[in-house]
Amino acid sequence: MGFGPFFVCGARDDASMAALEAVMEPAVAGLGYELVDVQASNGGRLLRLFIDKPGGVDLEDCAAVSRHLTRLLAVEGVDYERLEVSSPGLDRALRKARDFARFAGHKADVRMRTPDASGRRRFVGVLRGAEGGQVSMELEGQTVRLTLEDVERARLVPEL
């Protein structure tokens, strides 16, 4: 399944990024890692991947994934100039329901695409899990449910 150049006005579109992620995710998983996030910048010329595994990743892990994906992307005909592979860091992005469930009990900063009835779009609180397309968070003693599809971005809040 070759992609060829898949650019829209100099940047990768959502569909092509989803297709790219669909190829990368099983390859990364086959190496024993979780693909946390894929980003493109510089008009799609830079691909940035964030990987994780239990116990965290080190430089050797990133190098192994980079070597493997460089070959895979060449076979798939993906046009890019630079590939960066790194750990997600302490402020790890949360994208999927399993991320919200895995980090239940941790503090997170969630920004919604659309505001709630009170006009609020940003929620900072303790994750309580995810179920049925909803994320549960505890904010100031009360639990709120946020629609996962409406999450614009979410990150763990580092607790040092």
- Item | nm² value of the averaged projected area, convex hull over the Cα atoms of segment 11-160 | 10.1 nm²
- Query: Relative to the first principal axis of the alpha-carbon coordinates of the chain, what is the inclination of helix 14-30, with its axis defined by its Cα atoms, in degrees from 0 to 90 and to the nearest 10?
  - Reply: 80 degrees
- Item | Degrees, to the nearest 10: 59-76 long Cα axis against longest axis of the chain | 60 degrees
- From the P(r) of segment 14-86, can you give the percent of Cα pairs sitting at distances over 20 Å? 21 percent
- If each of Val126 and Arg155 carries a label point 7 Å out from its Cα toward its Cβ, how far apart are those two points in nm? 2.3 nm
- Using the Karplus equation 6.51 cos²θ - 1.76 cosθ + 1.60 (θ = phi - 60°), what ³J(HN,Hα) coupling, rounded to whole Hz, does each residue of segment 32-42 give in order, writing x for Gly and Pro? x, 10, 9, 7, 7, 7, 10, 10, 10, 9, 6
- Message: Out of the GluC sites (Glu not before Pro) in segment 90-160, which ones are loop residues according to DSSP with at most 14 other C-beta atoms within 10 Å?
- Response: Glu140, Glu159
- Kirkwood hydrodynamic radius (Cα pairs, Å) of segment 97-156? 11.1 Å
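Values quoted throughout were computed directly from the atomic coordinates according to the rules given, and no laboratory measurement underlies them. Keep in mind the model is a prediction, meaning the values are calculated, not measured. Ideal geometry is used to build each Cβ from the backbone, glycine not excepted, and the neighbour counts take in all protein chains shown.
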